[in-house]
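J.: This is the structure I have questions about; it appears just below.
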Amino acid sequence: MTLVTHQEQAAPILSGPSESRDFPDWFRDQQRAAWQQFETLPNPTRKDQPWRFSNVGLLDLAPFRISPPLSEDDRNNVLKYSRGLDEYAGRMIFANDQLIERDVVSDDLKKRGVIFQPLERAMVEHADLFRKYFMSTEAKLGSAKFAALHKALVSSGTFLFVPRGLEIELPIEIFHWLRHDNMSVFPHLLLVADELAKVTVIEHFRSCSRTAPGFACGVNDLIAGPGARVTYVCAQEWASNVIALQMNSTVVDHDASAMSLNLHVGAKYSRFESLSRLIGEGGRSDLLAVAVAKHQQEFDARTLQDHISPRTASDLLYKNALDDRARTIFGGLIRVEPHAHFTDAYQKVRNLLLSDDAEANSMPGLEILADNVRCTHGATSGQIDEDELFYLRTRGIPTKIAQRLLVTGFLDEVIQRLDHPEIGDHLHRLIEDKFAASV
Amino acid sequence: MKTETTAINIDRGKGDFSYPEAHVRDAGVGLSERTIHYIADVKEDPDWVRDFRLRALKTFWEKPLPTHWASKELEAIDFDKIRYYLSPGTETKRSWEEVPDDIKRTFERLGIPEQERKFLAGVEAQFDSEAVYSNIKKAVGEQGVIFVGSTEGLKNYPEIFRKWFSKVIPVGDNKFSALNSAVFSGGSFIYVPPGVKVKHPLQAYFRINAENFGQFERTLIIADEGSEVTYMEGCTAPKFNTPTLHSAVVELVALKGAKIQYITVQNWASNVFNLVTKRGLAQENAEVKWIDCNIGSRLTMKYPGVIMKGRKARGEVLSIALANDGQHQDTGAKMIHAADETTSNIISKSISIGKGRATYRGLVHVPKHLKNCKNNTECDALLINSTSRTDTYPAITVRGTGNAVQHEASVSQVSAEQIFYMQQRGLSEAQAMSLSVNGFVNDLVRQFPMEYSVELKRLIELEMEGSVG
């Protein structure tokens, strides 16, 4: 019965931003403007180049609603299941965009100037910083409409500021939960690492039920100041009926390095856009992704490695394992802007097809407007090597297990690049679970 | 090695000339149903061809310009200012002596007579719309090979050509294939009987001469079971001040076990829009190979394709593009795998000089339930100046577990060490650069017929002049 009550109370997302929320006026104005923009921008079609091959028919937002406050039981349950890493420097847990818990970073870090706050508080207490960076990068990879939707409806999220020279050793952990059928979330992360700061963040996207339909539309802005080192990991485990869109943007200043790894095992349709802008000499960006697609899942990755400044480097490695009738799309572009000489850019996507009905689409692209650059990209699609399989079987390993070993081995290459054993183990478990679930 | 300038002394004015126009038939400027009727009347088209043209015109009007993915430059084409049909009004000539003198002079500068003297089996030179000179050497004719113009082909051999005409490239494939279907004239129709291996390449030269005149040739080559044929086309056009449109449709049909090789050296003047649709169909065990070199034109959009419809069919595209100042070479390849054990190979090399822009667009499609299909794609781009631009936009779809596809692309520039090394050996910087560029394309060029590879290397040297230093 509680379910019915929830749906009755919930406003459809298509009714626009709620006026009842307690935000500063300037933020409300922004939300209203963004809503207008959302309504004006056309729906994507397959004919739009950034949506080529995408199943845009899945993007029907009519059923989805904005959640009313969760019950005490729900909150406790969410808290109970919010397990990720053993050790963390700080933690925030959201369910249906409501902050359930915040484990504050140690007093020491706080004293040294780390800001780790929910969005709605940061926009008041650190308005200048917030306004400078909040959704400052335009969504260039096709989802401008959904970025506007996010901006109009975002109600909470994480604001993390790491001051100059500070290194946070343990990862910061963030959970986003979807609870009840047809609810929506608009996860937001704004991470600003000041000069020479160092930080690692992992976000978990989860559903309380295995099959509940839902909608997630997240925005994620990472700013790596001069010489900063930022690592971002996303573990997307939404329920099998969730439609998810995620727009990531990373700005890498001079001598900074940013590494992101997106793991996708959940959702019915998950689109993730990653835009990495290298704006200062000596900057480096690593873009990694692993997707295990089964049943009728569709993973739709769009990336842009935008080299604006000379002497920058970027390296992209995306790997997909596809089973059943799953589809994956990779649309990536390396763009070397005029004058961005001595760019070193790499892009590689590899698809492992495990069934006859799986479909992998790859569009690795290059746009080079400067010379003295080294840019290469590669895309491969293939299947498990029969010789390797045979070898394992001669060692007494049953075919099914041998296959799984080979697939995890294939995907592990990406996770190892992260060079973070604990997070690596966690991601590895998620991959194993995904394979185990189908046997 | 001491290279005197004479060794690469090419007449830069070659191709840059025109003779007074003396067109007897002229459909006027602009495009309407009247234009179509006019062309059909002049060419004495059978009714089905006339209807085909009229339907195609409608399709052309309905289709938007593909600017949502292609260059906005297309908008510079003013379809109302183009002449769609011109003809010298002469019957197709059978011997060289009968060709009018001024046209002969044009061809002489292009080197056609010498080429023929060498070993060409037949020469089909298109001067504007009509084949002015058409001659297949006796030997080829005796083998039963049909090599005629498009009008003649449809009129005299409908039982052979109608079956495949517009089947590989449907009218509505794109806006420009529709345009071509409406106003086509000229081009070659070739039929090679079963088992016949045409020893020497068949050759055709195309020129655009009249100002504001689009050239819409149509080529259909059918290689019957087990036959082999090589076709070469070279293009040079005199320079004019207003943009000219070239929009051809080329269809190749390789029946069981047949082999077709189609070679193009495109060197249009730098104000020509070159928007060409080329596609081949390969049946069981057949092979279609496109060798495509794009050096001239203002904007070229050309993506030769192969549909591999029969088991073990093979498709190949070898492509070289050279984009100089003011040029955009938007080229690539399409490989559609539609049967088991089909294999395709794409090798593309592009060079961007000055403000030139070279683009590779590729499509590789392996649908489901196919076994052992393989594709290999390699795209290499070379940038010469800091203002040069290169893009790569492949799209690859693979289904199923039995197939393997790999794509690789790289972008680089001529290394300073290489240039330094060659300068130490006494070469000028420009010579060294030219040598490096030739080295870059050499492994591809080597696969071309000899006189083409020589011509191509010279054209590259010519384009490289003044690009460094």
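Read-outs: derived from the displayed coordinates by stated rules, not from any lab. Please read these numbers as outputs of a predicted model, since none were measured by experiment. Reconstructed Cβ throughout: ideal geometry from the backbone, glycine too, with neighbour counts over all protein chains shown.
J.: Counting partner chain Cβ atoms within 10 Å of every residue's Cβ in A:57-65, what's the average?
T.: The shielding value for this peptide is 0.
J.: Would you mind putting A:280-286, B:193-199, B:423-429 in packing order, based on average other-beta-carbon counts within 10 Å, highest first?
T.: Sorting A:280-286, B:193-199, B:423-429 by mean packing, highest first, produces A:280-286, B:193-199, B:423-429.
J.: Excluding residue B:327 itself, what net charge comes from residues whose Cβ is under 9 Å from its Cβ, given Lys and Arg +1 and Asp and Glu -1?
T.: Around residue B:327, the charge tally is +2.
J.: Shape verdict for chain A, please, from the Cα gyration tensor: rounded (a/c under 1.5), prolate (a/b greater than b/c) or oblate.
T.: rounded
J.: Related question: Pairs of Cα atoms under 8 Å, at least six residues apart: use those to get the relative contact order of segment A:2-279, whole percent.
T.: Here the relative contact order equals 16 percent.
J.: Using only the Cα atoms of segment A:80-195, build the gyration tensor, take square roots of its eigenvalues as a ≥ b ≥ c, and label the shape rounded, prolate or oblate: rounded if a/c is under 1.5, else prolate if a/b is larger than b/c, else oblate.
T.: Taking the square roots of the gyration eigenvalues as a ≥ b ≥ c, segment A:80-195 is oblate.
J.: Taking the Cβ-Cβ separation of residue A:37 and residue A:385 as r and a Förster radius of 45 Å, what is the calculated FRET efficiency to the nearest 0.05?
T.: Once the sixth-power term is evaluated, E becomes 0.40.
J.: A further question follows. How high is the relative contact order of segment B:248-391, given as a whole-number percent (alpha carbon pairs under 8 Å, six or more residues apart)?
T.: This gives 19 percent for segment B:248-391.
J.: So for B:232, B:301, B:450, fewest C-beta neighbours within 10 Å to most, what's the order?
T.: B:450, B:232, B:301
J.: Pairs of Cα atoms under 8 Å, at least six residues apart: use those to get the relative contact order of segment A:1-95, whole percent.
T.: Once divided by the residue count of segment A:1-95, the mean separation gives 39 percent.
J.: Under 16 Å from the Cα of residue B:371, which lysines turn up, not counting those fewer than eight places away in the same chain?
T.: B:309, B:312
J.: Here's a follow-up. In the structure shown, do any of B:167/B:355; A:132/A:294; B:302/B:355; A:434/B:334; A:348/B:72 have a Cα-Cα gap over 32 Å, and if so which?
T.: Cα-Cα > 32 Å for B:167/B:355; A:132/A:294; A:434/B:334; rest within.
J.: Let me ask something else about it. Take every DSSP beta bridge whose two residues both sit in chain A, then give the antiparallel share in percent to the nearest 5.
T.: If I count the DSSP bridges inside chain A, around 10 percent turn out antiparallel.
J.: Which GluC sites (Glu not before Pro) does segment A:106-144 hold that lie in a coil by DSSP with at most 14 other beta carbons within 10 Å?
T.: Counting only loop positions with at most 14 other Cβ atoms within 10 Å, the GluC sites (Glu not before Pro) in segment A:106-144 are A:138.
J.: For the peptides A:40-52, A:322-334, what is the packing order when you average, over each peptide's residues, the other Cβ atoms within 10 Å and list the highest mean first?
T.: A:322-334, A:40-52
J.: Here's a follow-up. Rounded to the nearest 5, what is the percent of antiparallel bridges among the DSSP beta bridges in the protein assembly as shown?
T.: So the antiparallel bridges in the protein assembly as shown amount to around 15 percent.
J.: Once label points are set 7 Å from the Cα along Cα→Cβ at both residue B:80 and residue A:80, what is their separation, rounded to one decimal in nm?
T.: Distance between the two pseudo-spin positions: 7.5 nm.
J.: Give the average, rounded to an integer, of partner chain Cβ atoms located within 10 angstrom of each Cβ in A:378-388.
T.: 5
J.: When ranked by the protection proxy of mean other Cβ atoms within 10 Å per residue, highest first, what sequence do the peptides A:13-19, A:106-112 form?
T.: Peptide ranking by packing, descending: A:13-19, A:106-112.
J.: Moving on to the next point. With charges only on Cβ, +1 for K and R and -1 for D and E, what is the dipole size of the protein assembly as shown about its Cα centre, in debye, rounded to 20?
T.: Around 1440 debye, computed over the protein assembly as shown.
J.: When only DSSP loop residues count, what GluC sites (Glu not before Pro) in segment B:312-389 have their Cβ near at most 12 other Cβ atoms within 10 Å?
T.: Within segment B:312-389, no GluC sites (Glu not before Pro) qualify (loop, at most 12 other Cβ atoms within 10 Å).
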